[in-house]
Amino acid sequence: MHTPSRFAVTALSAMLFGFNAVARADPERYAIDPQHTFPVFEISHYGFSLQRGRFNSVHGSIVLDAAARRGSIEISIDSASLDMGLADWDEKMKSADFFDAARHPSITFSSNALIFEGERLVRADGILSLLGMDKPVSLAIERFQCGMNRFSGKPMCGADATALIRRSDFGMTRLLPGIGDEVKILISVEAAKQQ
């Protein structure tokens, strides 16, 4: 009867130990970098053009458990940080007719359902809270990548995410249908690993 060599036993033990270490890896927490994270939206302006706005203040966190292919996302956007590129337009969009920033200072997205294909994060299903209403929204995630940032020396993850919503679903109906109902959301996000 063949007896395994000491080398084979040692190699098998190392493989099993390595597998268990990966399988039991702790979830990693990342803090969203507000200097490199910008939620942008696009909307039809009377069918003539796509107008874009962005929010300049955003914070939140991402938890990733790569071994278990799961995690969570919590993002909060300051409604009053809306930037349309023109001061009077900013004020109109922050008014009660649209984002109502005085009464609803935050827009949030929360997800505990991260969808992976292999090691790649491809979707986040969650709840978007806007104007005091909560609706399910799926973010399609592209260009997901984690690695060492050679400038900061910190581990980071980054991605581009997109979604389509109807503003009327959240009670934002002013100037429909001239100003479009369908809104495309685009988010470029970077997040630094917390030690």
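The values are calculated or read from the model by the stated rules, or taken from the named source; none is laboratory data. Everything quoted here is computed from the prediction, not taken from an experiment. Cβ: placed from backbone, ideal geometry, glycine included. Neighbour counts: every protein chain shown.
Odds and ends about this structure:
- Residue match in region 44-52 (condition: closer than 29 Å to residue 194 by Cα and free of Cβ contacts under 8 Å to residues at least 12 places away in the same chain): no
- Just one of (1) on the phi < 0 side of the Ramachandran plot; (2) of a type in the set (A, V, I, L, M); (3) loosely packed, with under 15 Cβ neighbours inside 10 Å fails for residue 175. It is (1).
- Candidate set: region 163-183, residues that are charged (D, E, K, R) and within 17 Å of residue 45 (Cβ to Cβ); chosen: the one farthest from the chain's Cα centre (by Cα): 174
- Taken over region 145-173, the criterion of being of a type in the set (A, V, I, L, M) and touching a residue at least 12 places away in the same chain (Cβ under 8 Å) is satisfied by 156, 159, 161, 163, 164, 165, 172.
- So residue 128, is it under 23 Å from residue 80 (Cα atoms), at pLDDT 95 or above and crowded, with 18+ Cβ neighbours inside 10 Å: yes
- Only one of 69, 123 that is at pLDDT below 95 and of a type in the set (Lys, Arg): 69
Here's the yes/no breakdown for (1) at pLDDT 95 or above; (2) of a type in the set (Phe, Trp, Tyr):
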| position | (1), (2) |
| --- | --- |
| 13 | no, no |
| 17 | no, yes |
| 22 | no, no |
| 50 | yes, no |
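- Sole residue being basic (Lys, Arg), at positive phi and in contact with a Gly (Cβ under 9 Å, 6 or more places away or on another chain), chosen from 103, 143: 143
- For region 131-170, the set of residues classified as of a type in the set (S, T, N, Q) and at pLDDT below 95 consists of 145, 149, 152, listed by residue number.
- Residue 106 being surrounded by fewer than 18 Cβ atoms within 10 Å (Cβ to Cβ), of a type in the set (Gly, Ala, Ser) and closer than 25 Å to residue 158 by Cα: yes
- Residue match in region 162-172 (condition: part of a loop (DSSP other than H, G, I, E, B) and either farther than 18 Å from residue 112 by Cα or among the aromatic types (Phe, Trp, Tyr) (or both)): yes
- If you go through region 24-48 and keep only what is at pLDDT 95 or above and either of a type in the set (Lys, Arg) or touching a helix residue (DSSP H, G or I) at 6+ places or on another chain (Cβ under 6 Å) (or both), you end up with just 29.
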